[in-house]
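Trainee: Here it is, the structure in full.
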Amino acid sequence: MNEQIASIQTAALELIAAASDVRSLDDARVAVLGKKGTLSLAGALIKDIPNEEKAAFGQSLNSARAAITEALEGKQQALQEIADNAALSGIDLTLPARALPTGSLHPLTLIRDEAIRILRRMGFALADGPEIEDEYHCFDALNTPADHPARNEKDTFYFDSGKLLRTHTSSVQIRTMESSAPPIRIIAPGSAYRRDEIDATHLSVFNQLEGLFVDSDVTLPDLKGTLEYFLREMFGTSTEVRFRPHFFPFTEPSFEIDVKLQIKGQAPRWIEVAGCGMVDPAVFESINATRKDNALDPEKVTGFAFGMGLDRLAMIRWGIKDIRLLIENDVRFLRQFA
Ligand code: DAH
């Protein structure tokens with residue numbers, strides 16, 4: 001090997017061996033193989049060498065470059081290993097991994113989804129309507145006279161504009177009948193708002209699930225059968241259900257539905273879960289007057305409607321005594337549904 005190149009190689013290998021970190025190793029690489037590095041400069045001399053010696057010189061150059069490159073790579077690996085070990089020292093890799101906290105669905109979401117699942121199996125489709133409503137959709141179209149107590153400022157949140165926060169999801173019945181024609185079979189879960197005094201069974205924001213079925217021959221037994229089936233699916237096949245005559249302006253006849261709550265060690269009691277009834281022909285009539293196709297002619301269509309309290313259903317399902325637990329987001333409460 002060319003003597004000059006041999007000494008460059010020796011010096012380079014010493015430099016590499018002495019490098020104590022990635023940075024000084026890089027400096028060594030530049031000092032030898034960089035544009036102005038020792039080996040590169042030596043290589044440039046090849047043009048001054050007599051032709052017959054060029055081949056041997058070139059070979060020396062190549063073998064020096066190969067040896068230096070190999071040394072650089074080996075050293076690079078060794079230094080990396082040292083750095084990795086330093087980073088990992090003090091960490092016990094045999095410890096179990098930290099558990100990722102996972103959330104769970106809120107009981108109201110669980111009960112709503114279950115109610116939707118049951119009713120969809122019976123052919124009900126989801127419908128929706130605004131929470132900020134006008135008096136027409138919340139009251140007038142539902143046959144509720146201007147002097148009805150529910151329309152009182154003490155009971156309903158009104159905006160200055162005259163709009164209001166819907167007091168029930170029944171307004172979705174009207175919006176659906178305005179925009180579609182029978183057969184109509186919809187459910188509409190959502191929030192409702194009342195200026196109620198807050199206590200263990202009342203909140204000013206609560207959740208309802210509205211239902212509406214309109215067709216040419218819907219009868220009271222359809223209503224009873226649908227809701228009894230629903231409540232037994234929800235609470236078990238032996239659940240006792242009671243229809244109590246009641247009054248709602250938009251249904252005739254009207255009922256409130258009670259479910260018998262049996263908790264071990266407690267006397268059984270009836271809990272109201274829903275209002276329902278056969279759609280009052282006056283409701284069909286007023287909507288029909290606004291459409292041109294006469295599709296809601298009260299002589300031709302009948303229907304039933306119901307509105308359930310989802311918070312109530314959840315309270316019965318899990319024996320929750322205070323409705324406020326549903327909005328306080330206390331994790332000790334919520335974890336029980338995980
Ligand atoms: N909207 C009534 C309420 O909030 C509940 C209700 C009763 C809904 C009878 C209905 C119905 O659809 O037919 O108290």
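The values are calculated or read from the model by the stated rules, or taken from the named source; none is laboratory data. What you see is a predicted model; the values in this text were computed from it and never measured. Here the Cβ is made from the backbone with ideal geometry for all residues, glycine too, and neighbour counts use every protein chain on show.
Trainee: Tally time: how many residues in region 21-50 are small (Gly, Ala, Ser) and touching a residue at least 24 places away in the same chain (Cβ under 8 Å)?
Mentor: The qualifying residues number 2.
Trainee: From the residues in region 234-253 that are buried (at least 17 other Cβ atoms within 10 Å of the Cβ) and under 26 Å from GLU114 (Cβ atoms), which one is farthest from the ligand (Cβ to nearest atom)?
Mentor: PHE235
Trainee: Checking the conditions here, which among GLY190, GLY211 is within 11 Å of the ligand (Cβ to nearest atom), under 29 Å from the mean Cα position of the chain (by Cα) and of a type outside the set (S, T, N, Q)?
Mentor: GLY211 is the lone residue from the list that is within 11 Å of the ligand (Cβ to nearest atom), under 29 Å from the mean Cα position of the chain (by Cα) and of a type outside the set (S, T, N, Q).
Trainee: When you scan region 214-233, how many residues do you find that are crowded, with 17+ Cβ neighbours inside 10 Å and either at pLDDT below 95 or more than 36 Å from the chain's Cα centre (by Cα) (or both)?
Mentor: 1
Trainee: In the list PHE159, PHE206, which residue meets the criterion of being surrounded by 20 or more Cβ atoms within 10 Å (Cβ to Cβ), hydrophobic (A, V, I, L, M, F, W, C) and either more than 13 Å from the ligand (Cβ to nearest atom) or within 21 Å of LEU326 (Cα to Cα) (or both)?
Mentor: PHE206 is the lone residue from the list that is surrounded by 20 or more Cβ atoms within 10 Å (Cβ to Cβ), hydrophobic (A, V, I, L, M, F, W, C) and either more than 13 Å from the ligand (Cβ to nearest atom) or within 21 Å of LEU326 (Cα to Cα) (or both).
Trainee: Going by what's in this entry, would ILE263 be described as assigned to a loop (DSSP other than H, G, I, E, B), within 38 Å of the chain's Cα centre (by Cα) and either touching a residue at least 40 places away in the same chain (Cβ under 8 Å) or within 15 Å of the ligand (Cβ to nearest atom) (or both)?
Mentor: Spelling it out, ILE263 is indeed assigned to a loop (DSSP other than H, G, I, E, B), within 38 Å of the chain's Cα centre (by Cα) and either touching a residue at least 40 places away in the same chain (Cβ under 8 Å) or within 15 Å of the ligand (Cβ to nearest atom) (or both).
Trainee: Which residues, counting only those in region 266-315, are without any contact (Cβ under 8 Å) to a residue 40 or more places away in the chain and within 15 Å of the ligand (Cβ to nearest atom)?
Mentor: GLY275, PRO281
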